[in-house]
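Quick notes on the structure that follows.
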Amino acid sequence: MTWRRLCSVAALTLCLAGVCGCDSRPRIRLATTTSVENSGLLAAVLPAFEQAHHVRIDALPIGSGRALGLLRRGDAAAALTHDPRAEAAALEAGVITGYRKIMFNSFLIVGPPADPAGVGQASGIVDALQRIVDGRAGFVSRGDASGTYAREQELWALAGRRPSREKLLETGQGMAATLRVASEHGAYTLTDGATFEQLRSGLALTSVCARGPELVNTYAIFERTGLAGAEQAVVSALTDWLAEGDGRRRVAGFLINGRSVFHVWPAGVPRDQPGHRPHVR
């Protein structure tokens, strides 16, 4: 093969990898929670929007708190998160606009199949967490700026007690890594249902507590305040597509292991404030 031919092949390889800038489509940065990325949802639904609108959506899976931080700094145009308290603060500060809930599922407490703390017999999430503490069972926490960690802290406050230092392990990592650590240590953890369903076949963990209004997990889409021109038009099209358009249908049809893991927001139920809930039991 000639040197010229080698260069052509190398250039084509770089183009296919997106290294040389051959992809001329406008790029939009979407900051999002790791649970949405880990579930496979974005990979399943976003290509349809990209093709229809001839844009590239760069999804940044970094957790809800850090996602909101990117919007504050102007480093992302939109975000998809699940941390109502942090979202409320961002709305009040004028950082975000166009807020809409688009879907929900549930948080779960998962743990070793033997369930040494008897969490499966708990009357609710408060009882479940108290059993973990009283049984001196291990608990693995994300310990990061995620919506899951924020909810975990709220739940410990409701329970009125926390694991001792020697029984609590903070990973500082995303949901997938935290689930694997809990599996390796035979410990309990809090997870979103979609990520657990995606990974459960490779984990020595089972769901032991999944019901109760305290575990409802809502997801919202919104954009950064101050966008203008073509960028604002594309971002608004994306949020509308997920909230009202074909994206809503695609979310509803997304399955893992044959199971629906995200429920689209019920029609007619208020959704433009972080405190809005889907009215589920």
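Structural remarks
- Verdict on A176 being open to solvent by less than 60 Å² (accessible area, probe 1.4 Å), part of a helix (DSSP H, G or I) and either under 30 Å from P26 (Cα atoms) or in contact with an Asp or Glu (Cβ under 8 Å, 6 or more places away or on another chain) (or both): no
- Comparison of G247, G253 shows that the only residue that is more than 30 Å from A117 (Cβ to Cβ) and either exposed (fewer than 15 other Cβ atoms within 10 Å of the Cβ) or in contact with a His (Cβ under 8 Å, 6 or more places away or on another chain) (or both) is G253.
- G94 vs. criteria part of a loop (DSSP other than H, G, I, E, B), under 20 Å from P274 (Cα atoms) and touching a residue at least 24 places away in the same chain (Cβ under 8 Å): yes
Matching residues to (1) part of a strand (DSSP E or B); (2) of a type in the set (D, E, K, R):
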residue: R180; (1), (2): no, yes
residue: E197; (1), (2): no, yes
residue: V208; (1), (2): yes, no
residue: V235; (1), (2): no, no
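- Verdict on T225 being touching a Lys or Arg at 6+ places or on another chain (Cβ under 6 Å), open to solvent by less than 70 Å² (accessible area, probe 1.4 Å) and among the hydroxyl-bearing types (S, T, Y): no
- Which listed residue is modelled with pLDDT of 95 or more and of a type in the set (K, R), from R56, R27: R56
- All told, R259 meets the bar of being at pLDDT below 95 and either under 27 Å from Y149 (Cβ atoms) or under 19 Å from the mean Cα position of the chain (by Cα) (or both).
- Within region 108-133, the residues that satisfy the criterion of being under 19 Å from E197 (Cα atoms) and either part of a strand (DSSP E or B) or open to solvent by less than 30 Å² (accessible area, probe 1.4 Å) (or both) are L108, I109, V110, G111, P112, D115.
- Exactly one residue out of P278, P213 is within 24 Å of E152 (Cα to Cα), touching a residue at least 12 places away in the same chain (Cβ under 8 Å), out of contact with any helix residue (DSSP H, G or I) (no Cβ under 6 Å at 6 or more places or on another chain) and open to solvent by less than 40 Å² (accessible area, probe 1.4 Å): that is P278.
- Selection within region 43-87 - surrounded by fewer than 17 Cβ atoms within 10 Å (Cβ to Cβ) and part of a helix (DSSP H, G or I): A43, A44, P47, A48, E50, Q51, A52, R72, R73, R85
- Enumeration of residues in region 210-221 that are touching a Phe, Trp or Tyr at 6+ places or on another chain (Cβ under 9 Å) and outside any strand (DSSP E or B): A210, E214, L215
- With respect to the conditions (1) in contact with an Asp or Glu (Cβ under 6 Å, 6 or more places away or on another chain); (2) buried (at least 24 other Cβ atoms within 10 Å of the Cβ), S146 lacks only one, and its number is (1).
A quick yes/no check of all residues on (1) surrounded by fewer than 17 Cβ atoms within 10 Å (Cβ to Cβ); (2) modelled with pLDDT of 95 or more; (3) closer than 20 Å to G40 by Cβ:
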position	(1), (2), (3)
G135	yes, yes, no
E166	yes, yes, no
T171	no, yes, no
E184	yes, yes, no
L190	no, yes, no
L199	no, yes, yes
T206	yes, yes, no
C209	no, yes, no
T218	no, yes, yes
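The values are calculated or read from the model by the stated rules, or taken from the named source; none is laboratory data. Predicted model only: the values in this text are computed from it and were never measured. Cβ sites come from the backbone with ideal geometry, for glycine too, and all protein chains shown count toward neighbours. We work out accessible area using only protein heavy atoms, side chains counted, and drop any ligands, DNA or RNA first. Shrake-Rupley method; radii C 1.70, N 1.55, O 1.52, S 1.80 Å.
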